[in-house]
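The values are calculated or read from the model by the stated rules, or taken from the named source; none is laboratory data. This is a predicted model, so every value here is computed, not measured. Every residue, glycine among them, receives a Cβ derived from its backbone with ideal geometry; neighbour counts consider all protein chains shown. All accessible areas refer to the heavy atoms of the entire protein, side chains included, with ligands and DNA or RNA removed. Shrake-Rupley method; radii C 1.70, N 1.55, O 1.52, S 1.80 Å.
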Amino acid sequence: MKKRNYHLLVIDDDNRLRELLRRYLSDHHFNVTLAANTDDARQQMNRMIFDLLIVDVLMPGENGLEFVQTLRGLSSKIPVLMLTAMGEPEQRLQGFEAGANDYLTKPFEPKELLIRIQNILQRNDSQSGNLQDEKIILGALSFDMVRGELWHGSQHIRLTGSEITLLQVLAERMGNAVSREALTTLCKIDGGVRAIDVVVTRVRRKIESDPKNPRYLMTVRGKGYVLRPDSAS
């Protein structure tokens, strides 16, 4: 695995289990944020970027299966490990059909949880690594993610450092909305969310045929910005 601190979001209505997972996973060098329900989880996801969600199935209100189905319906590719007290094959199948990457039955050994988390993150890192070699197609334009270069056929279109970083960050998460606050941190752009808006406006002028009605770099109300290219090749 990459030597960095992954950020996990634990969503479970059991206060004791949430705290136990926070302590155990923190001891194994993960950054851990807790949510008691799916509403709380969405608020956290609007503010921060997570590498993996650990989601309990049985929660009051919207359950874990419904939450994950909604995420996948919004084209979110964030990895999900589901936890449940129901270990029957049909329940496990429902979890996978909802879009979970893996499924762990309670009670479980902490070491097994750790191994499953590591395996999911390794697979996800491998897929993300492959993405880095791709070019993102934006109509007649192509963006080379490795070189940070924007091309219109053989014509090179100049990008500033902040514009390159913004496109790279959004391309790495293409299809997923990233909040302005998270972009401020990920892009390391001074000036807060207003500065992010300025960079987005500049990028739109370079990649959109109609910057006021963007097709590729879009605003998701209440969520942030999302990059939806024609394809990646």
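So is VAL68 of a type outside the set (D, E, K, R) and not in a strand (DSSP E or B) or not? Steps first, answer last, please.
On the way: of a type outside the set (D, E, K, R): yes; not in a strand (DSSP E or B): yes.
So VAL68 passes the test.
Filter region 215-228 down to the residues that are open to solvent by less than 30 Å² (accessible area, probe 1.4 Å) and assigned to a loop (DSSP other than H, G, I, E, B) and list them by number.
Residues of region 215-228 that are open to solvent by less than 30 Å² (accessible area, probe 1.4 Å), as a first pass: 216-217, 224-227.
Once the filter is applied, which keeps residues that are open to solvent by less than 30 Å² (accessible area, probe 1.4 Å) and assigned to a loop (DSSP other than H, G, I, E, B), region 215-228 yields only TYR216.
I'd like to know if region 193-210 contains one or more residues that are within 24 Å of GLN43 (Cβ to Cβ), outside any loop (DSSP other than H, G, I, E, B) and either out of contact with any helix residue (DSSP H, G or I) (no Cβ under 8 Å at 6 or more places or on another chain) or among the small types (Gly, Ala, Ser) (or both). Walk me through how you get there before you give the answer.
Initially, region 193-210 is screened for residues within 24 Å of GLN43 (Cβ to Cβ), giving 193-197, 200.
Subset that is outside any loop (DSSP other than H, G, I, E, B): 193-197, 200.
In the following step, the residues that additionally are either out of contact with any helix residue (DSSP H, G or I) (no Cβ under 8 Å at 6 or more places or on another chain) or among the small types (Gly, Ala, Ser) (or both) were identified as 194-195.
Checked region 193-210: at least one residue is within 24 Å of GLN43 (Cβ to Cβ), outside any loop (DSSP other than H, G, I, E, B) and either out of contact with any helix residue (DSSP H, G or I) (no Cβ under 8 Å at 6 or more places or on another chain) or among the small types (Gly, Ala, Ser) (or both).
Do any residues in region 137-148 that are part of a strand (DSSP E or B) have Cβ atoms under 8 Å from those of residues that are modelled with pLDDT under 85 and not hydrophobic (A, V, I, L, M, F, W, C), where the two are at least six apart or on different chains, and which pairs are they?
Listed pairs, sorted by first residue: ILE137/SER231; ILE137/SER233; SER142/LYS135; PHE143/LYS135; ASP144/LYS135.
Output the residue which, of all residues in region 39-53 that are part of a helix (DSSP H, G or I), within 18 Å of ARG173 (Cβ to Cβ) and at pLDDT 90 or above, is least open to solvent (accessible area, probe 1.4 Å).
Start the filter on region 39-53 by keeping residues that are part of a helix (DSSP H, G or I), which leaves 39-47.
Remaining after also requiring within 18 Å of ARG173 (Cβ to Cβ): 41-42, 44-47.
So of that shortlist, the ones also at pLDDT 90 or above come out as 41-42.
Values: ALA41: 0, ARG42: 64 Å².
In this case the residue turns out to be ALA41.
Could you count how many residues in region 54-70 are farther than 20 Å from GLU109 by Cβ, open to solvent by less than 20 Å² (accessible area, probe 1.4 Å) and among the hydrophobic types (A, V, I, L, M, F, W, C)?
Residues meeting the conditions: 3.
Within region 203-219, is even one residue among the aromatic types (Phe, Trp, Tyr), over 23 Å from LEU74 (Cα atoms) and under 23 Å from the mean Cα position of the chain (by Cα)?
Restricting attention to region 203-219, the residues satisfying the condition of being among the aromatic types (Phe, Trp, Tyr) are 216.
Still in the list and also over 23 Å from LEU74 (Cα atoms): none.
Looking through region 203-219, none of the residues is among the aromatic types (Phe, Trp, Tyr), over 23 Å from LEU74 (Cα atoms) and under 23 Å from the mean Cα position of the chain (by Cα).
Tell me which residues, restricted to region 132-184, are loosely packed, with under 15 Cβ neighbours inside 10 Å and hydrophobic (A, V, I, L, M, F, W, C).
Selection gives ALA140, VAL146, ILE157.
Return yes or no: is ARG22 of a type in the set (D, E, K, R) and in contact with a helix residue (DSSP H, G or I) (Cβ under 7 Å, 6 or more places away or on another chain)?
Details: of a type in the set (D, E, K, R): yes; in contact with a helix residue (DSSP H, G or I) (Cβ under 7 Å, 6 or more places away or on another chain): no.
In short, no.
Based on what the data block shows, is ASP125 modelled with pLDDT under 80, under 20 Å from the mean Cα position of the chain (by Cα) and loosely packed, with under 12 Cβ neighbours inside 10 Å?
On the way: modelled with pLDDT under 80: yes; under 20 Å from the mean Cα position of the chain (by Cα): yes; loosely packed, with under 12 Cβ neighbours inside 10 Å: no.
Judged against the criteria, ASP125 is not a match.
Considering every residue within region 189-204, establish whether at least one is under 30 Å from ASP102 (Cα atoms), among the β-branched types (Val, Ile, Thr) and open to solvent by 20 Å² or more (accessible area, probe 1.4 Å).
Taking region 189-204 first, the residues under 30 Å from ASP102 (Cα atoms) are none.
No: zero hits.
Within region 80-102, how many residues turn out to be at pLDDT below 90 and either aliphatic (A, V, I, L, M) or not in a loop (DSSP other than H, G, I, E, B) (or both)?
13
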